[in-house]
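Just below is one structure, and these are the notes that go with it.
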Amino acid sequence: MSTFPSGVWPVMLTAFTPSLEIDWRGVDALTDWYLAAGVSGLFAVCLSSEMYALTGDERLALARHIVERAAGRVPVVASGTFGGPIETQAAFVQRMAETGVDAVVVIANQPAEEGAGEDTWRCQVERLLELTPGVPLGIYECPVPYHRLLSPALLGWTASTGRFHFHKDTSCRLGPIRDKIAATRGTPFRFYNANTPTLLGSLEAGGDGYSGTAANWFPELIVWLCRHHAGAPERAARLQHLLTVCDRMVHHRYPAMAKQYLANLGLPITAHCRIPQVALEEPDMTMLTHLREVVREQLADLGLSEAAGTL
């Protein structure tokens with residue numbers, strides 16, 4: 001198995017107790033659920049993990065715990081750049097690498113300030129590479145605190161360094177996605193689309209898979225699409241239609257709604273979040289009930305089992 005295989009890399013949720021401490025039992029249950037769904041890797045310490053609401057020590061502990069729970073069954077990556085001078089970011093990258101993750105992910109908006117040009121970004125990243133020799137890296141076009149999208153040319157440069165192996169793309173438009181995939185061919189670089197509506201198009205363009213929020217709701221369906229889109233194009237297109245329509249629902253009151261959905265499936269977690277959330281109401285619960293039925297129908301149609309039922 002390649003260290004960075006094609007397929008689905010969920011942006012992992014973090015389970016919290018009612019007192020908002022990390023719920024390690026819940027983290028284990030989430031990890032096991034993702035694996036039961038057939039994912040190819042795990043992206044820990046990301047925006048869905050509420051990474052900006054974690055302390056530095058918690059980020060490291062969470063990554064280490066997930067690596068240990070995964071136990072080599074799939075690779076794990078985790079974000080490692082959280083502001084400050086590039087030397088400070090590099091030092092934390094080194095600490096994150098020591099947790100045993102397969103790559104430390106550079107948050108694209110951290111090496112350079114908003115408004116800085118791509119030359120500045122590249123110079124900063126070159127310095128980061130110098131300060132972290134031998135550490136496998138990734139890139140995450142995180143939209144917070146600001147959204148920096150890398151051009152195809154700049155992404156091609158990062159791929160050409162040989163140091164970057166994982167990329168979570170948030171372009172959300174097929175034109176730039178196709179150009180980025182073309183710019184990174186022939187390198188160790190792997191391209192994972194975060195945008196559900198353009199997923200099938202990105203796979204057809206040569207993308208390597210998916211790393212987005214929908215994998216926190218129905219990873220079994222996304223796994224099927226990534227594995228079978230080429231061999232069953234008509235069925236894949238129908239599934240893509242449904243996933244696109246569900247996309248708005250997936251982002252509603254996220255991540256609390258996603259956590260409640262999984263709790264309804266039987267996972268031992270709650271909807272508690274550290275980031276500010278509006279309390280879920282009866283209409284939200286009705287939406288969750290109907291979504292689960294839609295997912296069950298799709299799973300049955302594809303001959304798949306619900307991952308939660310296999311734990």
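The values are calculated or read from the model by the stated rules, or taken from the named source; none is laboratory data. The structure displayed is predicted, hence computed values, not measured ones. Cβ placement follows ideal geometry from the backbone for every residue including glycine, while neighbour counts extend to all protein chains displayed. All accessible areas refer to the heavy atoms of the entire protein, side chains included, with ligands and DNA or RNA removed. Shrake-Rupley method; radii C 1.70, N 1.55, O 1.52, S 1.80 Å.
List of remarks:
- Hits in the stretch 31-50 (condition: in contact (Cβ under 8 Å) with a residue 60 or more places away in the chain and over 18 Å from VAL105 (Cβ atoms)): ASP32, TRP33, ALA36, ALA37, GLY38
- Filter result for ARG163 (charged (D, E, K, R) and touching a His at 6+ places or on another chain (Cβ under 8 Å)): no
- Residues (open to solvent by 50 Å² or more (accessible area, probe 1.4 Å), assigned to a helix (DSSP H, G or I) and farther than 25 Å from VAL8 by Cβ) located in the stretch 134-188: ALA153, SER160
- Residue selected from the stretch 224-238 under the condition open to solvent by 10 Å² or more (accessible area, probe 1.4 Å) and in contact with a strand residue (DSSP E or B) (Cβ under 9 Å, 6 or more places away or on another chain), by the criterion farthest from LYS168 (Cα to Cα): ARG227
- Unique match (being out of contact with any strand residue (DSSP E or B) (no Cβ under 6 Å at 6 or more places or on another chain), closer than 20 Å to PRO197 by Cα and surrounded by fewer than 18 Cβ atoms within 10 Å (Cβ to Cβ)) among VAL250, VAL245, VAL295: VAL245
- Residue within the stretch 192-200 that is in contact (Cβ under 8 Å) with a residue 60 or more places away in the chain and crowded, with 17+ Cβ neighbours inside 10 Å present: yes
- Conditions (1) in contact (Cβ under 8 Å) with a residue 60 or more places away in the chain; (2) part of a loop (DSSP other than H, G, I, E, B); (3) crowded, with 21+ Cβ neighbours inside 10 Å; number of the one not met by THR270: (3)
- For ARG227, the stated conditions do not hold, so it cannot be described as in contact (Cβ under 8 Å) with a residue 24 or more places away in the chain and part of a loop (DSSP other than H, G, I, E, B).
- Checking each residue in the stretch 189-200 for being farther than 21 Å from LEU47 by Cα and in a loop (DSSP other than H, G, I, E, B) picks out only PHE189.
- Subset of the stretch 201-216 [surrounded by fewer than 23 Cβ atoms within 10 Å (Cβ to Cβ) and not in a helix (DSSP H, G or I)]: ALA205, GLY206
- Candidates PRO5, PRO18 - the one that is under 20 Å from PHE191 (Cβ atoms) and touching a residue at least 12 places away in the same chain (Cβ under 8 Å): PRO5
- Elements of the type helices (runs of 4 or more DSSP H) sitting completely within the stretch 14-133 and holding at least 1 residues that are over 25 Å from ALA263 (Cβ atoms) and open to solvent by less than 40 Å² (accessible area, probe 1.4 Å): these cover 56-70, 86-97, 118-131.
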